[in-house]
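Novice: Would you mind keeping the following structure in view while I ask a few things?
The values are calculated or read from the model by the stated rules, or taken from the named source; none is laboratory data. Source: prediction; values computed, not measured. Cβ coordinates were reconstructed from backbone atoms using ideal geometry, including for glycine residues, and neighbour counts include every protein chain displayed. When the accessible area is computed, the model is the full protein with side chains, heavy atoms only, and any ligands, DNA or RNA have been set aside. Shrake-Rupley method; radii C 1.70, N 1.55, O 1.52, S 1.80 Å.
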Amino acid sequence: MTDALTDEALQALQGNDAELFSAVYQAFAGQVFGYLSAKGVQDPEALTQDVFLAVLPRIDAISGGVKGLRTFVFSVAHARMVDDHRRQVRSPEHQEFEAERDTREVLSAEAEAMDRVAPGEVLALLGFLPEEQREVLSLRIIAGLTVEQVAEIMGKSQGAVKQLQRRALNTLREHSAVKEYVAP
Amino acid sequence: MTRSDADRDNLVSELMLDAGVPGDALLKAALESIAGLSALPAPAPRGDLAALLGVPSADPDGGTDPGADELAKRRRRKHRPVVIAGAVLTAMGLGIGGVAASGGLQQDSPDFFNKLIAGWAPHTNLAPQSLLPAGPAPDAPKVTAVPAPSSPPVSEAAAGAQGAASPSAVPNHPPASAFKGKPLAAAKKAAKARPKKAANTLKGTPPSGSTGSASGVPAGPSGVNFKDSFEGVLDERGLVGGRTVEDVLDQIVRLGVRL
C-alpha cells in the first residue's frame, strides 16, 4: 500500500493547520466512511464528520507519523462505532408512520446511499460474520491496519486478532453466498 | 488518498496468508470486494468541520446537497399545519381586537335602542275609519278607563238619546266597561295623563258610531312611541288590563289593526 500522505508531507504541513487538516481529511475520510458503513452505523456520513472533528484539533499531539495517525483515526472511529451500536441497542429507532413518506417505489435514503457507495452484496457478505470477526476484517482490509494495530484498537492480543481473522475467512469460504456473489 | 487496486490486492493477499488460505480465488474476490469500501469518496464537510477545514459548508441550507434539501422540505411540510393554525388564530385575534378597539360594542345600549324605536308607530290598515279605532291598540285600554262613573260626560246624555242604536253600530269594538271591571294603576295613570284631551274629544265629538273616536284616541299614527305605550300599560305582573298580552293582541287583530 502506498500512502499519498507520507511522513515527510505530514511534517512539512506542521504549523499550517488549514492545509494539514484538509490533507488528513482527504487521506482518511473515505476509508473511515467505508469502515463505518461496513459496520452498519446509523449515519455513517455524520459519524465520519464527528470522527474528524475529534481528530483534527489533536493532530499536533499525535506521534508516530502517518502510521500513528492512522491508528489514532481508526481508534476514534472504532470508539464512535461502538457508541453508535450501544445507542442503537439502548434506544432502537421508532418512528411514526407517515403516509406521505411511504414511497414504496423508491429506495430509502440509507439503502440508496449504500447502493451508491458499495454494492449491497458486499455488506451482506460482512453480515454473515459475527461482530468481532467482522470488526477484525474491516479494520484489516478496509482501514488497512496491521494485526498489531488492530489488536491495539480492539484491546486484544495479536494472537486473538489472528484467530478472529482466520475464523472470519473460513466462515466466508464455507458460506454459499460467497460463491454466488463471486460467480459470473 | 485512495488506495489503489494493487494496494487492495496486497492487503488481501497478506490477510489470506496470515489465515492460512492463500490460494482460494473465490475468497480472494470476495475480500477484494469488501476492501473496495475503502475507496469511497470523502463526504463533503459540513458545519463545524467545514469551518475547521476552511471550506464552504455543504449544509442543506446551502443547497449543495439535493437529498438534504428534500429532507428540509419534508420538515417544512410537517410544520405547515402548525403555521397555518397560528396564522388563523392571529387573524381572529386581530379581528376581535379591532372590533373591541373601535368601540362598536361599547355604545350606550339603552340610548341606541331608544333611538332605534323612537320613531316607531304601528301601521293601521286601510279599512274605513268609521269601523276602526283611530289610535294604536296599546293606547285603547288607557282611554277606555277615562270615563269615570262619578262625572258622567256631557256627551253621555246625548249618546243616551241615541241609546240602543249606538252599540249595534260598533259591533267590533269592545265596550268600554270591558276594561272597567279591573281598573289598574297604570290605566289610571294613563287616564290622568290626558284627561283634558279625552274630555275635549268626548265633548267636541258627538258619537258617530265609532267608539274609537269616543275613546279619545287620536286618529292616524299615534304620537306615542312603542316603548312608552308598553311602559304605561304593563303592570307589575306583566298584564295589560288584567289580560295577557296575547289576549290583547287577539283583540287588536279583531279590531283590524295591522301590526
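Novice: For the stretch B:17-30, which positions are surrounded by fewer than 19 Cβ atoms within 10 Å (Cβ to Cβ) and of a type outside the set (D, E, K, R)?
Specialist: Residues satisfying the conditions are B:17, B:20, B:21, B:22, B:23, B:25, B:26, B:29.
Novice: What are the residues in the stretch A:12-42 that are without any contact (Cβ under 8 Å) to a residue 12 or more places away in the chain and more than 10 Å from every other protein chain (Cβ to nearest Cβ), if any?
Specialist: A:12, A:13, A:15, A:16
Novice: Do the conditions hold for residue B:33, that is, is it within 22 Å of residue A:23 (Cβ to Cβ), surrounded by 15 or more Cβ atoms within 10 Å (Cβ to Cβ), out of contact with any strand residue (DSSP E or B) (no Cβ under 6 Å at 6 or more places or on another chain) and among the polar types (S, T, N, Q)?
Specialist: On the way: within 22 Å of residue A:23 (Cβ to Cβ): no; surrounded by 15 or more Cβ atoms within 10 Å (Cβ to Cβ): yes; out of contact with any strand residue (DSSP E or B) (no Cβ under 6 Å at 6 or more places or on another chain): yes; among the polar types (S, T, N, Q): yes.
It is false that residue B:33 is within 22 Å of residue A:23 (Cβ to Cβ), surrounded by 15 or more Cβ atoms within 10 Å (Cβ to Cβ), out of contact with any strand residue (DSSP E or B) (no Cβ under 6 Å at 6 or more places or on another chain) and among the polar types (S, T, N, Q).
Novice: In the stretch A:137-154, what residues are within 17 Å of the chain's Cα centre (by Cα) and either assigned by TED's automatic domain parsing to the domain that holds residue A:69 or open to solvent by 20 Å² or more (accessible area, probe 1.4 Å) (or both)?
Specialist: A:146, A:152, A:153, A:154
Novice: Output the residue which, of all residues in the stretch A:43-59 that are surrounded by fewer than 24 Cβ atoms within 10 Å (Cβ to Cβ) and more than 9 Å from chain B (Cβ to nearest Cβ), is nearest to the chain's Cα centre (by Cα).
Specialist: A:47
Novice: Something else now. Out of all the residues in the stretch A:172-184, is one or more within 11 Å of chain B (Cβ to nearest Cβ), modelled with pLDDT of 90 or more and open to solvent by less than 20 Å² (accessible area, probe 1.4 Å)?
Specialist: no
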